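Below is one structure; the comments refer to it alone.
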Amino acid sequence: MIAFLSDIHGNREALSACLDHADRAGATRFVFLGDYVGYGADPAWCLRTVMARMADGAVAILGNHDQAVFARGNRMTGRAAAAIDWTRAQLSPDAAAFLQTLPLEHAEEDRLYVHADASSPEDWRYVLGAEEARRSLEATPARVTICGHVHVPRLFGLTATDKCTAFAPAHDTPVPLQRPRRWLAVMGSVGQPRDGDPAACYGLLNPGTAELRWMRVPYDVEAAAAKIRRAGLPGSLADRLFTGS
């Protein structure tokens, strides 16, 4: 079983809950799809946790908030920019250097892992609908592309007749990624969901059956929000955790 976790955004409580859930579900491989920092109050802890999982064989991809830590030209504005400025001061030189080693994408078997649109990963374009999904799918030979960035769980399928269909996956409902379709799965967010559900979101793939599930995991939102406020980060970053918006 492969666990996919994206858009952690410095949320220790959400990441801990998802990792515990995935371990209990029997996940033996972990793929982290980027944006470990930004918004939340525990970026250093989240990075240390990802690095420890990588030492055990996990894969980690670069996200745009991660890039913003070391690339000052990255296009961050408003609350996101304020959170990144604060985050830089929280990270050790080793943690910041680690982010610079991360790739934009990773391929294995018939799958491609990337943070944003696979047609141009470095431009951080969002996959919001069928048109963007088609563009991403047509840019790669992978049968299954798995990404994050959007914070909303979605699944797109490209049929043998070249029709691109969209699905809103239900919690813990297996979706068979059947051939000859090609698929693009958007994992949602561990640390800052934006689909109206405050529960953390991550994915589980059974490579044997090619079934993918989106899992929703409740966590201690109060604790995560209180840390954001104590850190002096914008209060709206704490407020939105309660509504998943």
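The values are calculated or read from the model by the stated rules, or taken from the named source; none is laboratory data. The shown structure was predicted, so the numbers you read here are calculated from the model rather than taken from an experiment. Glycine also receives a Cβ, built like all others from the backbone with ideal geometry; neighbour counts cover every protein chain displayed. Just so you know, the surface numbers come from the protein's heavy atoms only, side chains and all, with ligands and any DNA or RNA stripped out. Shrake-Rupley method; radii C 1.70, N 1.55, O 1.52, S 1.80 Å.
So with the 1.4 Å probe, I'd like the accessible area per residue for the range 171-245, rounded to whole Å². Show your work: numbers first, answer last.
Working: 3080 Å² over 75 residues.
For the range 171-245, the solvent-accessible area averages 41 Å² per residue.
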field: Solvent exposure, largest accessible area first (probe 1.4 Å, DNA, RNA and ligands not counted), of R179, R194, R229
entry: R179, R229, R194
- request: Compute the Rg/Rh shape ratio of the range 104-204: radius of gyration over Kirkwood radius, all on alpha-carbon atoms.
  value: 0.94
- request: Note down, for the chain, the three equivalent ellipsoid semi-axes (square root of 5 times each alpha carbon gyration tensor eigenvalue), biggest first, whole angstrom.
  value: 28, 19, 17
Karplus-derived HN-Hα couplings along the range 77-86 (A = 6.51, B = -1.76, C = 1.60, θ = phi - 60°), whole Hz, x at Gly and Pro: 9, x, 4, 4, 5, 4, 5, 5, 4, 5
- prompt: In square angstrom, what is the accessible area per residue of the range 29-128 with a 1.4 angstrom probe?
  reply: 42
- line: Measuring from the longest principal axis of the C-alpha atoms of the chain, the long axis of helix 12-25 (C-alpha) lies at a number of degrees, nearest 10, equal to 40
Pair D94, A71: separation of 7 Å Cα→Cβ label points (nm): 2.6
- line: Taking protein heavy atoms only, a 1.4 Å probe, and rounding to whole percent, the accessible area of the range 64-137 owed to carbon and sulfur comes out at 48
- prompt: So, how do all the Cα-to-Cα distances of the range 11-89 break down into 5 Å bins, in percent, from 0 on up?
  reply: 3, 15, 24, 24, 16, 10, 6, 2, 0
